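*Asks:* Starting off with a structure, shown below.
Since every read-out is calculated from the coordinates, none of them should be taken as a lab result. The model shown is predicted, which means the values in this text are computed figures rather than measured ones. All Cβ positions, even for glycine, are placed from backbone atoms using ideal geometry, and neighbour counts span all protein chains on display.
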């Protein structure tokens, strides 16, 4: 059942529809809130406050954006107020350790990568591969984890991620590239490390 149908049912008083939305998005809310606040417990509180706001304001959802985008906007506004008051600057180090390993001083490949499609071809349905990808994303530092989660897992556009995290579009692209490179390295390492594929 899509989000808009569940929201309509929730507004009509269907508690099960609300439970389905919470099951679908709560872990994402906590992950994104964690970007703004200092602890997992505070992130959980912000996520719960967001759900209370959704219950109170669901009838105001007009469908101009997706429910997920609307939900994340509510969360981010609350997380900003609850969490860090200072503006967070994301340094973009021109010498990224992941990239330094892949390129020489002239910007040429040290060792050309194996095409990613060859590494995981036919394996995306494999539970071990999905677990490796999830673990690699969970191990990313912030803000890479938030950017990769919102862009690649939740499917938001670069512009939506930029707006939600208050980063420039260019910065989102740099952070996304670096996060994806780390995830790719982790998955490639698990393949080279002799993971068993079913």
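*Asks:* Between residue 24 and residue 177, what length comes free when the chain is fully extended (0.36 nm per residue of separation minus the Cα-Cα distance, one decimal in nm)?
*Replies:* Length gained, residue 24 through residue 177: 52.4 nm.
*Asks:* Please give the FRET efficiency for residue 169 paired with residue 41, using the beta carbon to beta carbon distance and R0 = 22 Å, rounded to the nearest 0.05.
*Replies:* It comes out at approximately 0.10.
*Asks:* Can you tell me which of 131-139, 158-166, 144-152 comes out highest on packing, and rank the rest after it, using the mean Cβ neighbours within 10 Å?
*Replies:* In decreasing order of mean packing, 131-139, 158-166, 144-152 become 144-152, 158-166, 131-139.
*Asks:* May I pose another question? Would you mind calculating the gained length between residue 48 and residue 16 on full extension (0.36 nm times residue separation, minus the Cα-Cα distance), in nm to one decimal?
*Replies:* 9.8 nm
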